[in-house]
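S.K.: Could you have a look at this structure, given as structure tokens, before my questions?
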Amino acid sequence: MTSDKILARRAAQDPEAFGELFDRYALKIYRYIYSRVRHHESAEDITSQVFHDAFENIRQYRPVAPFAAWLFTIARRRIADHYRASRPVTELSEELPQDRPEILDQLSTHEEHQRLADQLEKLDEDERELLRLRFAAEMPYKDIAALVNKKPGAVKIAIYRILDRLKANMEKTDASK
């Protein structure tokens, strides 16, 4: 597999070569953005803007840092722009019929997801960001480290500690039920 740095160098000279970088990162960027905005159309729009910006500015990329870190920096800026420009949207929840067993199973799963979401909300933004980058964007520790200006080992330890704390808190809420 051709390295990101070589592909970026090629893409700076030949726009056709950018397609391979797009294929490599589009889904990861989309999932990361979706984990932040929670709206499919917005995530698609922002993902498009990120790749447009990257394509337009590929000549400015300097291979000192990993390409993924450069690309995710663009994504983070575009997400910030999105939040500055948008107004809060209130979602309406639908009442679920209680007489259908499959609905009750879905409700139970929904409750578990809601408990996890509640625990995630208790984390500070930097901790949530590390989890988004690792799990939604599937970034390797070294790329996350480059993005947040830390050593890969420190990032890995931080993520494991966050996960251990989440697990303990989920177990506490299970025990209190």
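S.K.: Given the structure, is Ile29 modelled with pLDDT of 95 or more, under 14 Å from His82 (Cα atoms), hydrophobic (A, V, I, L, M, F, W, C) and part of a helix (DSSP H, G or I)?
M.R.: So Ile29 fails the test.
Let's see how each residue does on (1) modelled with pLDDT of 95 or more; (2) not aliphatic (A, V, I, L, M):
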| position | (1), (2) |
| --- | --- |
| Leu120 | no, no |
| Leu131 | no, no |
| Arg134 | no, yes |
| Val148 | no, no |
| Lys151 | yes, yes |
| Ala154 | yes, no |
| Ala158 | yes, no |
| Lys167 | no, yes |
| Glu171 | no, yes |
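S.K.: Among Asp4, Asp45, which is among the acidic types (Asp, Glu) and surrounded by 18 or more Cβ atoms within 10 Å (Cβ to Cβ)?
M.R.: Only one candidate passes the filter, namely Asp4.
S.K.: I need the full set of residues from region 134-175 which are small (Gly, Ala, Ser), farther than 22 Å from Tyr30 by Cβ and under 18 Å from the mean Cα position of the chain (by Cα), in order please.
M.R.: Within region 134-175, Ala145, Ala158 qualify.
S.K.: To continue, here is another question. Does region 135-151 contain any residue that is in contact with an Asp or Glu (Cβ under 8 Å, 6 or more places away or on another chain), part of a helix (DSSP H, G or I) and not acidic (Asp, Glu)?
M.R.: Looking for residues that are in contact with an Asp or Glu (Cβ under 8 Å, 6 or more places away or on another chain), part of a helix (DSSP H, G or I) and not acidic (Asp, Glu), one finds at least one in region 135-151, hence yes.
S.K.: Quick check on my filter: what residues within region 141-177 are hydroxyl-bearing (Ser, Thr, Tyr) and farther than 30 Å from Arg62 by Cα?
M.R.: If the condition is that a residue be hydroxyl-bearing (Ser, Thr, Tyr) and farther than 30 Å from Arg62 by Cα, then Tyr160, Thr173, Ser176 are the ones that fit.
S.K.: I would also like to ask the following. Does Arg62 count as at pLDDT below 95, open to solvent by 30 Å² or more (accessible area, probe 1.4 Å) and in a loop (DSSP other than H, G, I, E, B)?
M.R.: yes
The values are calculated or read from the model by the stated rules, or taken from the named source; none is laboratory data. The structure displayed is predicted, hence computed values, not measured ones. Note: ideal-geometry Cβ built from the backbone for every residue, glycine included; neighbour counts use all protein chains shown. All accessible areas refer to the heavy atoms of the entire protein, side chains included, with ligands and DNA or RNA removed. Shrake-Rupley method; radii C 1.70, N 1.55, O 1.52, S 1.80 Å.
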